[in-house]
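The values are calculated or read from the model by the stated rules, or taken from the named source; none is laboratory data. These figures come from a predicted structure and were not determined experimentally. We place every Cβ from the backbone using ideal geometry, glycine too, and count neighbours over all the protein chains shown.
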């Protein structure tokens with residue numbers, strides 16, 4: 001998971017460029033939800049701004065960093081515009097039983113006033129959204145009240161999940177990093193340790209074969225490029241090309257760039273351990289049917 005930095009005003013400008021009347025319509029609907037005290041409508045319009053988040057996130061899932069199809073190639077069917085805080089009926093997360101700390105009470109009305117708040121959106125793959133995210137939103141404290149904006153809710157609720165869009169939440173790199181192909185908490189203790197543990201479990205980041213396979217393939221490729229860069233017998237031209245490839249793999253546009261960055265950082269600090277993990281990634285690929 002990586003941060004996709006953008007100021008709220010800039011996000012609004014992108015939405016206005018995509019759909020000039022959308023924010024006005026969204027406000028009218030939100031006012032109706034607040035008056036009714038619940039989310040209720042027959043024809044939602046949040047998909048109208050899905051392309052904004054797809055482009056902002058480089059067509060990657062906000063949570064697992066899988067690369068999805070671009071909008072001009074029918075990619076909208078692969079992306080969901082996901083509500084970070086569920087717009088209705090927050091229920092108990094089944095995975096909470098694996099932890100010893102509280103995950104917050106259910107909330108039947110949900111966060112209805114955030115159904116059309118731009119800071120409550122992210123583009124996600126369907127697997128992260130439908131079978132995993134659903135209507136779950138674990139928090140360690142009491143839930144915030146109606147009309148509270150997402151930034152203030154983050155400060156008061158201190159949610160376990162990390163929202164990577166904009167700057168209203170922790171940088172995901174301060175919460176999750178990788179040891180080889182395995183996602184681990186970036187901190188050993190404290191709230192960020194708990195956030196890391198819960199977010200990793202919540203999105204099954206270490207239990208989905210497609211994610212582990214893609215990360216292993218990247219580390220296999222990265223290993224070859226790092227070997228080229230550090231081989232004294234390799235020509236400067238080949239080293240230069242390998243360095244350029246590694247730089248591309250680290251860019252936000254690249255799939256699983258957070259995993260690649262963790263490995264590059266480790267390779268600098270402890271090349272022996274890094275090589276062992278790269279070898280483990282290759283062994284994992286060899287074990288696949």
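Quick look at the values:
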{"quantity": "Total residues in region 1-29, condition over 24 Å from the mean Cα position of the chain (by Cα) and part of a loop (DSSP other than H, G, I, E, B)", "calculated": "3"}
{"quantity": "Residue satisfying condition, being within 16 Å of the chain's Cα centre (by Cα) and either at negative phi or surrounded by fewer than 18 Cβ atoms within 10 Å (Cβ to Cβ) (or both), within set 248, 261, 194, 241", "calculated": "261"}
{"quantity": "Residue 71 vs. criteria over 21 Å from residue 158 (Cβ atoms) and surrounded by 14 or more Cβ atoms within 10 Å (Cβ to Cβ)", "calculated": "yes"}
{"quantity": "Which listed residue is in contact (Cβ under 8 Å) with a residue 24 or more places away in the chain and farther than 21 Å from residue 91 by Cα, from 176, 184", "calculated": "176"}
{"quantity": "Region 81-109, residues that are more than 18 Å from residue 145 (Cα to Cα) and buried (at least 22 other Cβ atoms within 10 Å of the Cβ)", "calculated": "82, 93"}
{"quantity": "Number of the condition not met by residue 181 [criteria: (1) touching a helix residue (DSSP H, G or I) at 6+ places or on another chain (Cβ under 7 Å); (2) within 30 Å of residue 221 (Cα to Cα); (3) assigned by TED's automatic domain parsing to the domain that holds residue 60]", "calculated": "(3)"}
{"quantity": "Cross-chain or 6+ apart pairs with Cβ under 8 Å, region 119-133 first and within 12 Å of residue 78 (Cβ to Cβ), then part of a helix (DSSP H, G or I)", "calculated": "123/50; 123/53; 123/54; 123/56; 124/133"}
{"quantity": "Subset of region 49-77 (residues that are in contact with a strand residue (DSSP E or B) (Cβ under 9 Å, 6 or more places away or on another chain), assigned to a helix (DSSP H, G or I) and more than 21 Å from residue 163 (Cβ to Cβ))", "calculated": "71"}
{"quantity": "Filter result (out of contact with any helix residue (DSSP H, G or I) (no Cβ under 6 Å at 6 or more places or on another chain) and within 16 Å of residue 218 (Cβ to Cβ)) within region 264-279", "calculated": "264, 265, 275, 277, 279"}
{"quantity": "Test: residue in region 110-130 that is surrounded by fewer than 19 Cβ atoms within 10 Å (Cβ to Cβ), part of a helix (DSSP H, G or I) and out of contact with any strand residue (DSSP E or B) (no Cβ under 6 Å at 6 or more places or on another chain)", "calculated": "yes"}
{"quantity": "Qualifying residue in region 89-107 (condition: at pLDDT 95 or above and within 17 Å of the chain's Cα centre (by Cα))", "calculated": "no"}
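Listed here are the residues, each with its yes/no results for (1) in contact with a strand residue (DSSP E or B) (Cβ under 8 Å, 6 or more places away or on another chain); (2) more than 20 Å from residue 46 (Cα to Cα); (3) modelled with pLDDT of 95 or more; (4) assigned to a loop (DSSP other than H, G, I, E, B).
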| residue | (1), (2), (3), (4) |
| --- | --- |
| 142 | no, yes, no, yes |
| 188 | no, yes, yes, yes |
| 206 | yes, yes, yes, yes |
| 210 | no, yes, yes, no |
